[in-house]
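The values are calculated or read from the model by the stated rules, or taken from the named source; none is laboratory data. Not measured: the values here are computed from a predicted model. Cβ placement follows ideal geometry from the backbone for every residue including glycine, while neighbour counts extend to all protein chains displayed. What goes into the accessible areas is simple: the full protein's heavy atoms, side chains included, and nothing from ligands, DNA or RNA. Shrake-Rupley method; radii C 1.70, N 1.55, O 1.52, S 1.80 Å.
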Protein chains: 2
Amino acid sequence: MRVSVLVRPKAGILDPQGEAVEGSLRKLGFSVSEARVGRVIDLEVESGSADEARTQVDQMCHKLLANPLIESYEIELHD
Amino acid sequence: MRVSVLVRPKAGILDPQGEAVEGSLRKLGFSVSEARVGRVIDLEVESGSADEARTQVDQMCHKLLANPLIESYEIELHD
């Protein structure tokens, strides 16, 4: 099953990459604010069902893909 | 208008970060393949309409957010 995981810095957590992107976009003349930069991880997961895939990916997030202290994550199942 | 941009390495382009994630997940016992790592950029864009916002963000992608030679991008408008 094809899965996407979106990992984002939590609200209130400093995001230097987002600040840099926002500053650069403004210098280029764009009217933007509140820029935040996170990661998207696409994976093919072997699993018998959508529920099982979601459980597996949730474990992956806790163990490797996200730092739950400073990042939130969102799991999207495709197919 | 709240906008998310998903930037991903194009198919066939080497993705060392994705390979590292896949290797680590397998070592942890997960059955995964085809891992790819990209970026998600969330932004607030000042614009009068959804069409205008999309045009603006498309320009941002070309000028700063993505490298069209090796990355593809997807624009999601919220609200």
**OP:** Quick one: angle between helix A:16-27 and the longest Cα principal axis of chain A, in degrees between 0 and 90, rounded to 10, please.
**Re:** 50 degrees
Original post:
At what distance in angstrom do the alpha carbon centres of segment A:2-68 and segment B:59-79 lie from each other?
Top reply: 16 Å
Subject >> Sum of -39500 (n - 2.57) over DSSP H runs of 4+, divided by residues of chain B (222 nm, nearest 500) >> reply: -9000 deg cm²/dmol
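Can you give the charge dipole size of chain B about its Cα centre, rounded to the nearest 20 debye, using +1 on the beta carbon of Lys and Arg and -1 on the beta carbon of Asp and Glu? Could you put the intermediate results ahead of the total?
Numbers: 9 positive and 14 negative charges, 91 e Å.
Taking the Cα centre of chain B as origin, the dipole is about 440 debye.
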**OP:** Give, ordered by residue number, each residue of segment A:34-55 whose 1.4 Å probe accessible area is reduced by a minimum of 40 Å² on adding the remaining protein chains to the chain alone.
**Re:** A:GLU34, A:ARG36, A:VAL40, A:ASP42, A:LEU43, A:GLU44
Original post:
Hey, can you rank B:36-43, B:14-21 by average C-beta count inside 10 Å, highest first?
Top reply: B:36-43, B:14-21
Original post:
Between the helical axis of B:50-60 and the dominant principal axis of chain B, each derived from Cα atoms, what acute angle in degrees is found, rounded to the nearest 10?
Top reply: 60 degrees
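Over chain A, what percent of the accessible surface lies on carbon and sulfur atoms, probe 1.4 Å? Let's see the in-between values first.
Values: 2140 of 4270 Å².
Accessible surface attributable to carbon and sulfur in chain A totals 50 percent.
Counting Lys and Arg as +1 and Asp and Glu as -1, each charge on the Cβ, what is the dipole of the protein assembly as shown about the Cα centre in debye, to the nearest 20?
Details: 18 positive and 28 negative charges, 107 e Å.
For the protein assembly as shown, the charge dipole is close to 520 debye.
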Original post:
Between B:LEU77, B:LEU6, A:GLY18, whose Cα lies farthest towards the positive end of the dipole of the protein assembly as shown when Lys and Arg beta carbons carry +1 and Asp and Glu beta carbons carry -1, centred on the Cα centre?
Top reply: A:GLY18
Subject >> Accessible area (Å², per residue) of segment B:2-77, counting only protein heavy atoms and a probe of 1.4 Å >> reply: 52 Å²
Subject >> Shielding by partners, peptide A:20-28 (average Cβ within 10 angstrom, other chains) >> reply: 3
Subject >> Shape metrics for chain B, restricted to C-alpha atoms - Rg then Dmax, Å >> reply: 15.5, 49
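Over both sides of the A-B contact, add up the buried accessible area with a 1.4 Å probe and give it to the nearest 100 Å². Don't skip to the end; give the middle numbers.
Values: alone 5640 and 5640 Å², together 8540 Å².
Roughly 2700 Å² of accessible surface disappears when A and B pair.
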**OP:** Using Cα positions and a limit of under 29 Å, work out the lysines in reach of A:LYS63, with same-chain residues fewer than 8 apart set aside.
**Re:** A:LYS10, B:LYS10, B:LYS27
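Can you tell me what percent of all Cα-Cα pairs in the protein assembly as shown are more than 29 Å apart? Provide the component values of the computation, followed by the final result.
Details: 2631 of 12403 pairs.
Looking at the protein assembly as shown, the distances longer than 29 Å represent 21 percent of pairs.
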